[in-house]
1. Might you tell me the accessible area per residue for the protein assembly as shown, computed with a 1.4 Å probe and given in Å²?
2. Can you list the trypsin sites (Lys or Arg not before Pro) in region C:112-148 that are in a DSSP coil and have 11 or fewer other beta carbons within 10 angstrom?
3. Roughly speaking, to the nearest percent, how much of chain B's 1.4 Å accessible area is carbon and sulfur?
4. How big is region A:2-205 on each of its three principal axes, counting only the C-alpha atoms and giving the largest first in Å?
5. Could you pull the Rg and Dmax for the protein assembly as shown, using just the Cα atoms, both in Å?
6. Using the Cα centre of region C:76-129 as the reference point, and only Cβ charges (+1 on K/R, -1 on D/E), how large is the resulting charge dipole? Debye, rounded to the nearest 20.
7. Just in region A:155-189: which GluC sites (Glu not before Pro) are loop by DSSP and have at most 12 other Cβ atoms within 10 Å?
8. Can you tell me the dipole magnitude for chain A around its Cα centre, using point charges on the Cβ only (Lys, Arg +1; Asp, Glu -1), in Debye to the nearest 20?
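The values are calculated or read from the model by the stated rules, or taken from the named source; none is laboratory data. The structure presented is a predicted model; accordingly, all values stated were derived computationally and were not measured. With ideal geometry, Cβ positions are generated from the backbone for all residues, glycine too; neighbour counts draw on all protein chains shown. Only protein heavy atoms, including side chains, enter the accessible area calculation; ligands, DNA and RNA are left aside. Shrake-Rupley method; radii C 1.70, N 1.55, O 1.52, S 1.80 Å.
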Amino acid sequence: MILDLHNHSIKSDDSRAKVENYCQWIRKRDLPIDGFALSEHRQFDSESDYRPLEDEYGLLILKASEVETDYGHVLVYGVNEDMVAAFDFSRIDLPLSLVVEEVRRCGGIAVPCHPGRTRVGMVAHVHQRGSVEGVEVIEVLNGGSRGTENDEAGHLAEEYGYRGIGGSDAHIVSHIGRCATHFEEPIESIEELVSALQHGGYRALRPA
Amino acid sequence: MSPRRYEDVEFGEDLPEVSPDVGMENVHRFCHATGMLGSRFMDHEKAKQEGLPQAIVPGIMSQGLLVAAIHAWAPGCQVAFVDTVFRAPLLVDSHPLCRAVVTDKNDEARRVEIDLTIVNEVGETRVMGTATVEL
Amino acid sequence: MAMSVEELRSRYAGMVFDSVEVEALAEEMVGFSTACGETDPRYTDPGHADFQAPVNFTTKYHGARMLPDDFPNFERARMIDAGKAVAWHAPIRAGDTLTARSRLYDIYEKTGRSGVMLFLVHRMEFSNARGELVSVVDWRLILRGGLQ
């Protein structure tokens, strides 16, 4: 099963992509992905119900978040009410250690994204200040990366033994499906995604 | 080219790719037409002194290149809205490509949404955006 | 101490702080369009019956002030252009005198490759001599490092 684990919709301030258009695009272009996650910036979209789109297009649509920490941006999967109460998703200076710990305590998993990116990726921060306990998975393939940024993420994963996921980081419709994650077992819910991310059995890939 | 009819446009349709002229001479032409006479746009050496790799194409010119690509595809259309994000500098005298693709159709308003990108020689996105076009 | 984003927003967001008049000149419209590779004669030929400015022609204009007079000071070198959105409302013809009113439409903060970034969304609304709204430009300005 292949899921694109990092995308933004019009719920994010810098995205113009409607979720239905992502679905149409995946089907029109026959992209080899089975679903995607929406990781809106600095918030969790608790309102939107994408089940009708899932049924219409036969895709799994999962809701996540991308928060901003002192080690860069972090994808959060398995967001629930406890987690939303545990820390302020809208802040831009959250301590990564706090996010990792609280997300885990609330039953989710925190995944630093685009680690090779200047300032908002964790590679440089780790080299300057050391690693952060509790990080187990990072995004090693990001569709918005430039130059050697994905290579740097891969090297960090090797050095610290992190597992790697892939996501397109799409902000416009046609960018979905550039990077994704292949799971050995089927996934049907956010709970199953969190469990899989915690236990392994997946790899990042470029589907097209 | 003849005008395009809304009915003939398909979701997912690629607009013809355009290789825009971002040579120094043409960028000078744009700068003089707009009064944007900053050396970062018009002089490689002075741009380097400002910490840039070389002179850069004004953001609004890159937006104009994408608008022109839409007009070339659908003469007579009206671009009702265009929004571009300058993700990374587009370099003067480089050889970028303008790409665009239809990503939504609104039958009631007879409008289409178009994804817009300008990529550099190695395929990295430098400018990204969307447009709403009335046909 | 620097003002918080909430303070900035409550004090400045929405406030019209500048108004200027500009004239849309045919040669500038043609120069803008041809340099962008425009092929449609509506934008390149002043003799065309429907000659008009391209949709984003208004992005070339600036007001007399970029920000309200009492906006907190910062080094202008830390400011970068993050992008522009333009909404077309009606044609701009050669010789039109346009009134452009500026306001700070939104203020928010996030982090990116430039570190902490304060976004100032500067909105310019252009009206023609008949009072018709012709164009709205949202200019996203990033202040790298925030106000400090």
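1. 41 Å²
2. Loop-located and lightly packed - C:Arg130.
3. 48 percent
4. 47, 37, 33
5. 23.0, 70
6. 160 debye
7. A:Glu184, A:Glu188
8. Using Cβ point charges on Lys, Arg, Asp and Glu, chain A gives about 660 debye.
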